[in-house]
Each structure stands twice: as C-alpha cells, then as structure tokens.
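Data first, discussion second: the structure below is written as structure tokens.
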Amino acid sequence: DFILSALEQFPALKPLTLFLKFFLVSRELNETYTGGVGSYLLQLMIISYFQMNPARSLDLSLGSLLLGFFELYGKHFNYETVGINVTGHGSYYLKRQSNFYNPERPYLLSVQNPLDEFHDVGSNSWAIVKIRKAFQWAAFTLTNSSVLNSNWEENGDSLISRLLFIDE
C-alpha cells in the first residue's frame, strides 16, 4: 500500500497528519463533500512536502516540519499553475499541460493519485482558498514576534494550542 510505505519512509507523516487533520476538523475544512481536504489528500500533500524538501523530511522537530508545511501551502505554493505528483521521488507539474486543469476553477489544488494516474485527488477541494488562508494564518501565528512575545505561556497555553479550536 502506498501510504503504508510512505509511513515507513517518513516517520513524521503520521503525527503531522494527525495534527493537521485536527487543525482542519476544528475549522470544518476536512470533508471532501464540502470542498475540504480529506485524509488521503492531506497525506499526499505532506508526502509531497517531504519529497520536495528532502532535508526537512529528516528533521526530527515536528514543530519545524509543521511550520514548513504551513509556509509552503499557506504562502508559497502556486495553486493556479502547479500540480503535485508523489510517485517516485515526487515532482510538480504544470496544470495547463495536464488533463487536470480546470479553467473555471484554476485555483483548485491538483494532486495526481499515485494509484490511478488519471484521477486528480484535489479536484473536489473547492474550499482550498479558505484552507490556504488557514495555513497562512497558522504560519503567521507561529512566526509573528508579537504572538511569540505575548504571555501565552503564563496563561497556561502552549503556542501550538493557539492553532487549534478546542471546546472545553
């Protein structure tokens, strides 16, 4: 199985998936039928992040991996022109040169299914603009000096808890 193999290759895949899944669930951005990013698509995004940043995949700090993921998909990834392919060592492709380009929705995330090259796993992610903004906000929250210098620790909070909406 592709995901089981990736879990062996990238030990941080499981904890990042669990945290990011909860991050998306807490914002109601995790269901594919509402345009969100489901578990399989999320895992493919994380795998691509590791493949395209091999030095990061060896980093044992989950915090730096999480920040790098938020920065990539919240600030740097060009959703309109680039798609993701995780087969082999991973690559990006130009969406306009693939069968996955949607001229009515060029902003959609495009991820080629490694088990079926003719299926775009991201084609139903029509809420990706909201998801990208959530990732961008998380990257900002983790790097903003005013947030880092605030008294979050004195309040019994952790910096990571600021990213999650937890009902008490």
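Quick note: the coordinates plus some simple rules give every number you see, no bench work behind them. Since this is a predicted model, take the numbers as computed values, not measurements. Don't worry about glycine lacking a Cβ; one is built from the backbone with ideal geometry, like all the others, and counts go over all protein chains shown.
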Open item on the list: Show me the GluC sites (Glu not before Pro) within the stretch 76-121 that DSSP assigns to loop and that have at most 13 other Cβ atoms within 10 Å of their Cβ.
Closed with: E80, E104
- [ ] Evaluate the charge dipole of the stretch 1-77 about its Cα centre and quote only its size in Debye, nearest 20, assuming +1 on the Cβ of each Lys and Arg and -1 on the Cβ of each Asp and Glu.
- [x] 140 debye
Task: Distance histogram for the stretch 1-61 (every C-alpha pair counted, 10 angstrom bins, percent rounded to whole numbers) - done: 23, 51, 24, 2
Task: Rg over Rh, two decimals, the stretch 66-114 (C-alpha only, Kirkwood Rh) - done: 0.99
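Fully extended, how many nm does the chain gain between S123 and Q97 (0.36 nm per residue separation, minus their Cα-Cα distance)?
Taking 0.36 nm per residue and subtracting the Cα distance, the gain is 7.8 nm.
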- [ ] Could you state the orientation-averaged shadow area of the convex hull built on the Cα atoms of the stretch 1-106, in nm² to one decimal?
- [x] 7.2 nm²
TODO: Treat each spin label as a single point 7 Å out from the Cα along the C-beta direction, and report the R105 to S5 distance in nm.
DONE: 2.9 nm
- [ ] Compute the length gained on full extension between Q136 and V82: take 0.36 nm times their separation in residues and subtract their Cα-Cα distance, giving the result in nm to one decimal.
- [x] 17.6 nm
